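Nothing in this text is a laboratory measurement; each read-out follows from the coordinates by a stated rule. No experiment lies behind these values; they were computed from the predicted model shown. Note that each Cβ is placed from the backbone with ideal geometry, even for glycine, and that neighbours are counted across all protein chains shown.
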Amino acid sequence: MELSLFCDTYIIAEYLRLKKVLDDMPRYNAGVHNGIPVIREYSGSGNKITVKTAHLNTKTYIEYLKRLTLFKQYNSLKIIYKNEINRRHLSIPSEFKFISEPSEFDNKFWSQAVPCSNGRKNDTDYKDEYGYKVRSRGEIIVGSALKDLGLEAKFEPLLSLKNGKVKSPDYVFPVKIINRCFFIEFIGMTDDVDYMNRNYGKTDEYMRSGILPNRDLILICGKENWIPTQGEIKRIIASFINNAVLRTYNKNE
């Protein structure tokens, strides 16, 4: 997970977001009771801690196991961000206050977006780092770049445009601290006229629906015999996120 490409504001704000998420969650711990594996849920604090226990082979145990896994993931991420804050010798304020830029593509959109939902046939054997079946080597590299940056992402979700048409961008990823989702399109053969005509129409429809390159949409381009490296794509994505975060945060200054 490469955090060095992100600005200080993003690092601190994401750490504070993860800390709040964990503070708002019950705590979970796996153990053994009378020789049977259990998972315990702890909620509350001080003298008001409540403990619930789920035993193996129960529906509650399966649900608690999912929550335990999520709790561990969030906690591991929080530690990674805290270590980066320490490495940079940053001071942590009590909170960052962002002014959300109103958008229908918010955290709710992210939670409802269904990957690989456009129904288009895919005969390739390509898979990205998230396990999605993608259509090109370029999309594998884009997915790997997103994963290396520690970002969540979904491949080819459905996206309704203002003209009533439905498209599916290559990737969507959230920046939850500013309550926004952003899209990536990989245009891999700019030296192919027919290919470019098809993709120009898609990009034009995005812009007519208010989805603008450099604000809402990242366009990553290549040619038949050349595409950007994974490192270059990571820098493009991280720079885009930094700009989005600073643009929103700076409204408070």
Original post:
Among GLU2, GLU14, which comes first, second and so on when ranked by fewest other beta-carbon atoms within 10 Å?
Top reply: GLU2, GLU14
Subject >> Ranking of HIS89, HIS33, HIS55 by count of other Cβ atoms within 10 Å, fewest first >> reply: HIS89, HIS33, HIS55
Subject >> For the chain, calculated [θ]222 nm from helices alone, where every DSSP H run of n ≥ 4 adds -39500 (n - 2.57) >> reply: -13500 deg cm²/dmol
Subject >> Exceeding the 26 Å Cα-Cα cut-off - candidates LYS154/LYS176; LYS52/LYS154; LYS59/LYS127 >> reply: LYS52/LYS154; LYS59/LYS127
Original post:
Would you list PHE6, PHE155 from fewest to most Cβ contacts within 10 Å?
Top reply: PHE6, PHE155
**OP:** Mind checking which lysines have their Cα closer than 17 Å to the Cα of LYS162? Skip sequence neighbours fewer than 8 apart in that chain.
**Re:** LYS202
Original post:
In whole Å, how far is the Cα centre of segment 114-190 from that of segment 31-83?
Top reply: 32 Å
